[in-house]
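First comes the structure, then the notes that go with it.
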Amino acid sequence: MTDNETMTTTDIPELDLGPALEETFGPPGGAFEEAVEKRQA
Amino acid sequence: MPPPARFGVFHATIDGAPLLLDVDNDRYRIARPPHPIPTSPLPRLMTAAHLTGPKETIWPNGTPSPRPCFAALTCLLRISRALQQGRLANLISTLLAISRPDRPRSDLAVEDLIASFCAVRPLYPAQAICRLDAPALCALLWAYGRPARLVFGARLEPFSAHCWVEIGAAVVNEDREDVLQYAPIMAVSA
């Protein structure tokens, strides 16, 4: 670790949140989902 | 064979936590500073600094017509194929290949294009999910000369990522309040 990194490091823990594409699924019940459900009903 | 495109690392600060979107390694992560400077060699990729929350919504209050309906199905198919490769970089590469920024602006209203997309969407045999529908709708709007952008955003506690379409200060076919729950981190413009 360089001096610069030591000075700027915070207490925030590093964390891997997962694969970017796979984790991009948005909130349930969005407008597209409603359109599909209306047509299928 | 040309080398794969490099898209870079983008970041946003959410509730004081530094969130990184590493497109090339297909990862979301929290990382301590110092961070890579979030610039991209591609001018069509926008950083969080250029993105603000939408002020209104454009809904599909228009009339579907055959040609954009067919185009919407084509866009859905192309995006589906890109998603099968399983990486965000592949999706962005596909979008950039589809896009033709010099495309002439159509006389059809944006509402008509969205209505066309929504009319045929139930016919396409895939679950409604933002990573398919938003890029496909964005590609359709590009095909008709509309300056849409595909925005990627995330929230924490719990972590969740989303993507949506914007034109100007409006989000397309999505409740503005839903979108404002996510901090924009990167966008692909036309």
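Taking the criterion of being within 24 Å of residue B:185 (Cα to Cα), free of Cβ contacts under 8 Å to residues at least 12 places away in the same chain and either β-branched (Val, Ile, Thr) or buried (at least 21 other Cβ atoms within 10 Å of the Cβ) (or both), would at least one residue in region B:94-102 satisfy it? Reasoning before the result, please.
Within region B:94-102, the first condition is being within 24 Å of residue B:185 (Cα to Cα), and the residues that meet it are B:94-101.
Right, trim to free of Cβ contacts under 8 Å to residues at least 12 places away in the same chain and you get B:97.
From what's left, either β-branched (Val, Ile, Thr) or buried (at least 21 other Cβ atoms within 10 Å of the Cβ) (or both): none.
Checked region B:94-102: no residue is within 24 Å of residue B:185 (Cα to Cα), free of Cβ contacts under 8 Å to residues at least 12 places away in the same chain and either β-branched (Val, Ile, Thr) or buried (at least 21 other Cβ atoms within 10 Å of the Cβ) (or both).
Checking each residue in region B:174-184 for being surrounded by fewer than 24 Cβ atoms within 10 Å (Cβ to Cβ) and either among the polar types (S, T, N, Q) or part of a strand (DSSP E or B) (or both) picks out B:181, B:183. Taking region B:15-64 as the range and being assigned to a strand (DSSP E or B), at pLDDT below 90 and among the polar types (S, T, N, Q) as the test, only B:47 passes.
Hey, does region B:143-162 have a residue that's part of a helix (DSSP H, G or I), of a type outside the set (Lys, Arg), farther than 23 Å from residue B:49 by Cα and touching a helix residue (DSSP H, G or I) at 6+ places or on another chain (Cβ under 9 Å)? Checked against the condition, which is being part of a helix (DSSP H, G or I), of a type outside the set (Lys, Arg), farther than 23 Å from residue B:49 by Cα and touching a helix residue (DSSP H, G or I) at 6+ places or on another chain (Cβ under 9 Å), region B:143-162 yields at least one hit.
Tell me, yes or no, whether region B:71-88 has at least one residue that is assigned to a helix (DSSP H, G or I), closer than 25 Å to residue B:49 by Cα and touching an Asp or Glu at 6+ places or on another chain (Cβ under 6 Å). Talk me through it step by step, then tell me what you get.
So the first thing to find is which residues in region B:71-88 are assigned to a helix (DSSP H, G or I), and the list is B:71-84, B:88.
Okay, now just the ones that are also closer than 25 Å to residue B:49 by Cα, so B:88.
Filter once more, keeping what is touching an Asp or Glu at 6+ places or on another chain (Cβ under 6 Å): B:88.
The answer is yes; a qualifying residue exists.
Which residue, of B:143, B:187, is within 10 Å of the chain's Cα centre (by Cα) and of a type in the set (Gly, Ala, Ser)? One residue alone meets the criteria, B:187. Which one is nearest to the other protein chains (Cβ to nearest Cβ), of the residues in region B:90-140 that are of a type in the set (Lys, Arg) and out of contact with any Ser or Thr (no Cβ under 7 Å at 6 or more places or on another chain)? Here the answer is B:121.
Is it the case, given these coordinates, that residue B:146 is closer than 21 Å to residue B:15 by Cα, surrounded by fewer than 24 Cβ atoms within 10 Å (Cβ to Cβ) and touching a residue at least 24 places away in the same chain (Cβ under 8 Å)?
Numbers: closer than 21 Å to residue B:15 by Cα: no; surrounded by fewer than 24 Cβ atoms within 10 Å (Cβ to Cβ): yes; touching a residue at least 24 places away in the same chain (Cβ under 8 Å): yes.
No: the conditions fail for residue B:146.
The values are calculated or read from the model by the stated rules, or taken from the named source; none is laboratory data. Computed from a predicted structure; not experimentally measured. Using ideal geometry, Cβ is built from the backbone for each residue, glycine included, and neighbour counts are taken over all protein chains shown.
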